[in-house]
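Report on one structure; see the data block that follows.
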Amino acid sequence: MQALELPQIIVAGAPKSGTSSVYFWLAAHPDIYASPVKETFFFADQVSRFNRQANVIDHDLSTYASYFKGRKPGQLCMEATAAYIYQHNALKHIPALPGPPKVIFLLREPGARLYSQYRFERHRTKRITTSWASYASDPQLLSHGRYANYLKPWIDALGEEHVHVDTFENLVSNPADAMASMANFLGLDGAFYQHYDFVQHNATVAIKSKMLHRLGLQLQRFIPHGVQEALLPLYLRFNAGRMPEKNQEELELLSQVKAAYTEDVQALQTLCPQLELSSWVS
């Protein structure tokens, strides 16, 4: 029986930490085949509208493999579901995949990540109407910034040689070096990124038409990645508005949230001493 086409690369988190950009930048590498949909959610803990047709709860790996049937000989398969870092099913099943795959985590200063996620859900997807103060007091949402608690089980399950951790801040300030390091970790030619044109993806903007945005997400899987790169600026010009200004009250609370994560940042630094986290500490 022919072996299933399963990913050798999975970008597994964290949300609002640069995973969309990394997905597209890795997809541009000639030795990588990316799933047509960035986030498959196949190993999510729950069935939702995002994975109803393909999920580990109701389907076997042959369904998952259908995301990678376009792979050319010699290419590595890749997907990027940012929520996997928090998902029990992902932690259970991904280390058991053949290989196992190499897993990439992008992390962001936890207060800034939480605030970015709030603004994304409040002004872009419009899923919530709550205030930043209420959002920032949610225990579960706050727990998602305690990265060491989530990363250590992944490292234990996969082994350090199969886990690459970097920061959003490094990705923004040194994209060519960050991507070259990532490529080297994957056993690929990092020189590809020396002259690459880095375009940011999934920046938090206010969406004018939710209907048009949903249509775009539905059509995404049918549009080649290179065409998506070219169309993104045009789409944002047409369907993206200005975000509300960050007010002083929100920024003061953001400083308090950042300070509250001090011990968690120290725990992450102990777990991943190679990371530059000085800017994360108040």
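Please tell me which of these pairs span more than 27 angstrom C-alpha to C-alpha: LYS16/LYS72; LYS16/LYS102; LYS72/LYS92; LYS72/LYS102?
Working: LYS16/LYS72 30 Å; LYS16/LYS102 21 Å; LYS72/LYS92 29 Å; LYS72/LYS102 19 Å.
In this structure, LYS16/LYS72; LYS72/LYS92 lie more than 27 Å apart at Cα.
For the range 36-150, the square roots a ≥ b ≥ c of the C-alpha gyration tensor eigenvalues yield an a/c of 1.5 or more together with a/b exceeding b/c, which makes the shape prolate. Based on the alpha-carbon gyration tensor of the range 104-146 and its eigenvalue square roots a ≥ b ≥ c, which shape applies: rounded if a/c is under 1.5, prolate if not and a/b is larger than b/c, or oblate? Note, shape of the range 104-146 comes out oblate.
Rounded to the nearest 0.05, what FRET efficiency is calculated for HIS88 and PHE198 with R0 set to 30 Å and r the Cβ-Cβ distance?
Calculated value: 0.35.
Here the Karplus relation 6.51 cos²θ - 1.76 cosθ + 1.60, evaluated at θ = phi - 60°, turns the backbone of the range 39-54 into coupling constants of 9, 7, 6, 4, 9, 5, 6, 9, 8, 9, 5, 7, 9, 4, 8, 7 Hz, with x for every Gly and Pro. Using a simple spin-label model with pseudo-atoms 7 Å out from Cα toward Cβ, ARG146 and GLN46 lie 2.1 nm apart. Short-range pairs are left out: with C-alpha atoms under 8 Å and at least six residues apart, the relative contact order of the range 1-116 is 46 percent. By the gyration tensor of its Cα atoms, with a ≥ b ≥ c the square roots of the eigenvalues, what is the shape of the range 69-119: rounded for a/c under 1.5, prolate for a/b over b/c, or oblate? Prolate, because a/c is 1.5 or more and a/b exceeds b/c.
No lab work stands behind these numbers, since they all come straight from the coordinates. Just so it is clear, the model here is predicted, and its values are computed rather than measured. Don't worry about glycine lacking a Cβ; one is built from the backbone with ideal geometry, like all the others, and counts go over all protein chains shown.
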